[in-house]
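A short worksheet on the structure shown next.
The values are calculated or read from the model by the stated rules, or taken from the named source; none is laboratory data. Just so it is clear, the model here is predicted, and its values are computed rather than measured. Cβ atoms come from the backbone with ideal geometry, glycine included; neighbour counts cover every protein chain shown. Ligands, DNA and RNA are stripped out before the accessible areas are found, and what is left, the full protein with its side chains, is counted by its heavy atoms. Shrake-Rupley method; radii C 1.70, N 1.55, O 1.52, S 1.80 Å.
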Amino acid sequence: MAVVELEADYVVVGAGAMGMAFTDALIEHADVSVVMVDRRYGVGGHWLDAYPFVRLHQASSFYGVASTLLGDGSLQQDGPESGLHERATAAEVCAYYDRVLRMRMLPPGKVSFYPNCDYLGEGRFVSRISGRHYEVRGRRRIVDARYLSPSIPATTPPPYGVADGATAVMVNDLVALGVAPSEYVVVGSGKTATDACIWLLENGVDPGAIRWVRPRDPWMLNRAVVQPDAVVFLGTAADIMESAAAASTADDVFFRLEDAGVMLRIDRSVTPTMAKVPTLAHWELERLRTIDRVVRLGHLRQVRPGRLVLAEGEAAIARDALVVHCAAPGLHYPPLVPIWGRDTITLQPIRITFACYGAALAGYVEATLEDDAEKNRLCPPAPFSNTPADWARQQVLGSRASSFTAYPAIRDWADGVSLNPGRIPPELAGSAAVTAARQRLAQHVGPGMARLARLAEMAY
């Protein structure tokens, strides 16, 4: 079969959140052509495989692409999160990305999308459906939007064995159960596990019928303090810096932030060791605290009929217990590399770990600046966090990107896109509330950053 030759300025490998955000900003501000390649059947990345009851843990307006708002920016009018900004469901996120592709990217002819394809390197890829090989020629700058692709239960085998006679499913399968077991065993410590527990409780499962295997306890951000509101966001940043400045250890930073209402933990008698810090609402926290059958014996090794074998011991379970896989790694932590490399643009978060914002910022900078060294100076990557010490390092490294605000065009763009949680709309810039919040942040940011840098240095 002959190789199909294509012409394009860019090859974007990965059509998930970061690939879509970068491509959207790039084509919005530069007259270029893009070939986008993904191994999945459509755009949206891991959302195409997500469990049906998942929602964004952040406000919808922080997610997606810069040109098109996800949702309508409204506040929730009822329910336990009344007054907080809307959060899209998995179905809404998938529909949004499909609409962005069909209405914003394909019709102008700037983007050609090749789904169900494996990327082979050097501008070459092959269709999983037809077996046809493609090669992109021309300028062909490669953009790696897969470097930080998450691992989720739907596409990642459980990290434990399941013996004959035991029953185990991935979290996606909860919605398709035919018969209720006498006990659910939820395995995992992160957002997927908390979502599974909340979904079971909201569907009438008694807390006593849930056993939660939690190898590490997590810190989570109070969702109410991470909202598309300049005063709220600046206030949260000031709380973080004030708490950090007074802290003696990375753990102490989090304890102080808990007292300030910024961080949450499920069990106040346990010091969490995980700090990936997704958001959590107080109503969810209250529900999760009703589950008191928590197994803390390290990672699960094997499920046997009536028994769990863990790294630090064993625990009895019901003979008909249903073990729910929520234990995929989620975030990955490869080494930070310059975003603009010799051969590849490697997408990573910039400044703060809102991935869509960082990818869109990289796309805008790529479209409007020429020199790669200057781009890297303005937009150094920031890591995701895993532990409290990682989180301190994340804050310090993220602060390096502040120099891009010296470019008026980049600053104005950033202040105009909803993906930027730290943006201050022009109409609010001189308000008394914003001014007070800025002054408080300015008072604490120097000592706070200095202490965070010291705590990160001590850990590494």
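For beta carbons closer than 6 Å, sequence separation of 6+ or different chains, a first residue in the stretch 135-148 that is at pLDDT 95 or above and a second that is open to solvent by 30 Å² or more (accessible area, probe 1.4 Å) and assigned to a loop (DSSP other than H, G, I, E, B), the qualifying pairs are Glu135/Val3. The residues listed here are Val111, Val93, Val100; of these, the one that is modelled with pLDDT of 95 or more, open to solvent by less than 40 Å² (accessible area, probe 1.4 Å) and farther than 30 Å from Thr279 by Cβ is Val111.
Screening Ile152 against (1) more than 18 Å from the chain's Cα centre (by Cα); (2) open to solvent by less than 50 Å² (accessible area, probe 1.4 Å); (3) at pLDDT below 95 leaves a single unmet condition, (1).
Here Val143 qualifies as open to solvent by less than 50 Å² (accessible area, probe 1.4 Å) and in contact with a Ser or Thr (Cβ under 9 Å, 6 or more places away or on another chain). Being free of Cβ contacts under 8 Å to residues at least 40 places away in the same chain, out of contact with any Phe, Trp or Tyr (no Cβ under 9 Å at 6 or more places or on another chain) and open to solvent by 10 Å² or more (accessible area, probe 1.4 Å) is a description that does not apply to Gln395.
For (1) open to solvent by less than 60 Å² (accessible area, probe 1.4 Å); (2) part of a strand (DSSP E or B), each residue gets a yes or a no:
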| position | (1), (2) |
| --- | --- |
| Val309 | yes, yes |
| Ala327 | yes, no |
| Tyr333 | no, no |
| Val337 | yes, no |
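When the residues of the stretch 156-173 are narrowed to those that are outside any loop (DSSP other than H, G, I, E, B) and out of contact with any Phe, Trp or Tyr (no Cβ under 7 Å at 6 or more places or on another chain), which ends up surrounded by the most Cβ atoms within 10 Å (Cβ to Cβ)?
Step one: list which residues in the stretch 156-173 are outside any loop (DSSP other than H, G, I, E, B), which gives 161-162, 167-173.
Still in the running and out of contact with any Phe, Trp or Tyr (no Cβ under 7 Å at 6 or more places or on another chain): 161-162, 167-170, 173.
Numbers: Gly161: 13, Val162: 15, Thr167: 14, Ala168: 18, Val169: 16, Met170: 20, Asp173: 15.
If we take residues in the stretch 156-173 being outside any loop (DSSP other than H, G, I, E, B) and out of contact with any Phe, Trp or Tyr (no Cβ under 7 Å at 6 or more places or on another chain), then Met170 is surrounded by the most Cβ atoms within 10 Å (Cβ to Cβ).
Within the stretch 242-271, can you find the residues that are of a type in the set (A, V, I, L, M, F, W, C) and open to solvent by 10 Å² or more (accessible area, probe 1.4 Å)?
Listed by number, the residues that qualify are Ala245, Ala246, Ala250, Phe255, Ala260, Leu264, Ile266, Val270.
Of the residues making up the stretch 424-441, those that are within 23 Å of Ala244 (Cβ to Cβ) and open to solvent by 70 Å² or more (accessible area, probe 1.4 Å) are Arg438, Gln439, Arg440.
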